[in-house]
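K.L.:
First, the structure itself, so that you have it in front of you.
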Amino acid sequence: MIGRLNHVAIAVPDIAAAAEMYRKTLGAEVSAPEALEEHGVTVVFITLPNTKIELLEPLGGESPIARFLERNPDGGMHHICYEVDDIVAARDQLVNSGARVLGSGEPRIGAHGKPVLFLHPKDFNGTLIELEQT
Ligand code: CO
């Protein structure tokens, strides 16, 4: 069901410093920061030859990554995103297998303008999984 790895997302306490580290130390191609108010995050995209890295910094008081950074003050891997062809079909198959979808269970438009869903980390070896319809 799952296809390509779309991105790995890393929560960071200081997105400007993290972007600079990827640009200077690691020599990567780094986008300008983008504030996504409806998602409560500021994001930077790093384009690698075979996938992307997303840096996420909390934005506003209700940010979904604020608690993660309280537990991981230096930052850390937050989620991985797999591509699927049909997100509703993938969700229904996963729910029928006993997996839990976070939130309302309905796809939302994610950072790349495509429908996304998140799966409960307890059902996937402690890893928060994002599915993105491509
Ligand atoms: Co993501």
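Here, each number is a calculation from the coordinates, and none is a lab measurement. What you see is a predicted model, and the numbers here were worked out from it, not measured in a lab. Ideal geometry is used to build each Cβ from the backbone, glycine not excepted, and the neighbour counts take in all protein chains shown.
K.L.:
Considering only segment 74-89, how many residues are away from the ligand (no atom under 16 Å from the Cβ) and among the small types (G, A, S)?
P.N.:
Here is the first cut: in segment 74-89, the residues away from the ligand (no atom under 16 Å from the Cβ) are 74, 85-86, 88-89.
Cutting the leftovers down to among the small types (G, A, S) gives us 89.
Total meeting the criteria: 1.
K.L.:
Now, a different point. Name, by its number, the condition in (1) within 16 Å of the ligand (Cβ to nearest atom); (2) under 21 Å from K122 (Cα atoms) that does not hold for I15.
P.N.:
(2)
K.L.:
Taking segment 94-131 on its own, how many of its residues are under 17 Å from G40 (Cα atoms) and either among the aromatic types (F, W, Y) or in a helix (DSSP H, G or I) (or both)?
P.N.:
The number of residues fulfilling the criteria is 1.
K.L.:
If a residue must be loosely packed, with under 14 Cβ neighbours inside 10 Å and either within 16 Å of the ligand (Cβ to nearest atom) or in contact (Cβ under 8 Å) with a residue 60 or more places away in the chain (or both), how many such residues does segment 51-73 contain? It would help to see each step written out before you state the result.
P.N.:
At the first step, the residues of segment 51-73 found to be loosely packed, with under 14 Cβ neighbours inside 10 Å are 60-62, 67, 70-71, 73.
With either within 16 Å of the ligand (Cβ to nearest atom) or in contact (Cβ under 8 Å) with a residue 60 or more places away in the chain (or both) added as a condition, the list becomes 73.
So the count comes out to 1.
K.L.:
Give the residues of segment 90-132 that are of a type in the set (S, T, N, Q) and within 13 Å of the ligand (Cβ to nearest atom), sorted by residue number.
P.N.:
Correct list: T127 only.
K.L.:
Being within 16 Å of I2 (Cβ to Cβ) and under 17 Å from the mean Cα position of the chain (by Cα) is the filter here, so list the residues in segment 53-90 that pass it. Can you show your working first?
P.N.:
Residues of segment 53-90 that are within 16 Å of I2 (Cβ to Cβ), as a first pass: 79-90.
Hits for segment 53-90 are H79, I80, C81, Y82, E83, V84, I87.
K.L.:
Looking for something without any contact (Cβ under 8 Å) to a residue 24 or more places away in the chain and either among the basic types (K, R) or part of a loop (DSSP other than H, G, I, E, B) (or both) - is there at least one such residue anywhere in segment 76-90? Write out each step before concluding.
P.N.:
Start the filter on segment 76-90 by keeping residues that are without any contact (Cβ under 8 Å) to a residue 24 or more places away in the chain, which leaves 88-89.
Narrowing further to those that are either among the basic types (K, R) or part of a loop (DSSP other than H, G, I, E, B) (or both): none.
No; the residues of segment 76-90 include none that is without any contact (Cβ under 8 Å) to a residue 24 or more places away in the chain and either among the basic types (K, R) or part of a loop (DSSP other than H, G, I, E, B) (or both).
K.L.:
When you go through V101, V41 one by one, which is the residue that is in contact with a helix residue (DSSP H, G or I) (Cβ under 7 Å, 6 or more places away or on another chain) and more than 18 Å from R4 (Cα to Cα)? First the steps, then the outcome.
P.N.:
On the way: V41 fails: in contact with a helix residue (DSSP H, G or I) (Cβ under 7 Å, 6 or more places away or on another chain).
Answer to the check: V101.
K.L.:
What's the total number of residues in segment 92-121 that are under 17 Å from the mean Cα position of the chain (by Cα) and either surrounded by 15 or more Cβ atoms within 10 Å (Cβ to Cβ) or closer than 18 Å to A9 by Cα (or both)?
P.N.:
Adding up the residues that qualify gives 17.
K.L.:
Please indicate, with yes or no, whether at least one residue in segment 102-114 is without any contact (Cβ under 8 Å) to a residue 12 or more places away in the chain, of a type outside the set (A, V, I, L, M) and in contact with a Leu (Cβ under 9 Å, 6 or more places away or on another chain).
P.N.:
First pass over segment 102-114, keeping only residues without any contact (Cβ under 8 Å) to a residue 12 or more places away in the chain: 104, 106, 108-109, 113.
Checking the rest, the ones that are also of a type outside the set (A, V, I, L, M) come to 104, 106, 108, 113.
The next check asks that each one be in contact with a Leu (Cβ under 9 Å, 6 or more places away or on another chain); those that pass are 106, 108.
Checking segment 102-114: at least one residue is without any contact (Cβ under 8 Å) to a residue 12 or more places away in the chain, of a type outside the set (A, V, I, L, M) and in contact with a Leu (Cβ under 9 Å, 6 or more places away or on another chain).
K.L.:
What number of residues in segment 1-59 are part of a helix (DSSP H, G or I) and within 23 Å of L117 (Cβ to Cβ)? Working first, answer last.
P.N.:
Restricting attention to segment 1-59, the residues satisfying the condition of being part of a helix (DSSP H, G or I) are 15-25, 37-39.
Subsequent filtering for residues that are within 23 Å of L117 (Cβ to Cβ) retains 37-39.
Count: 3.
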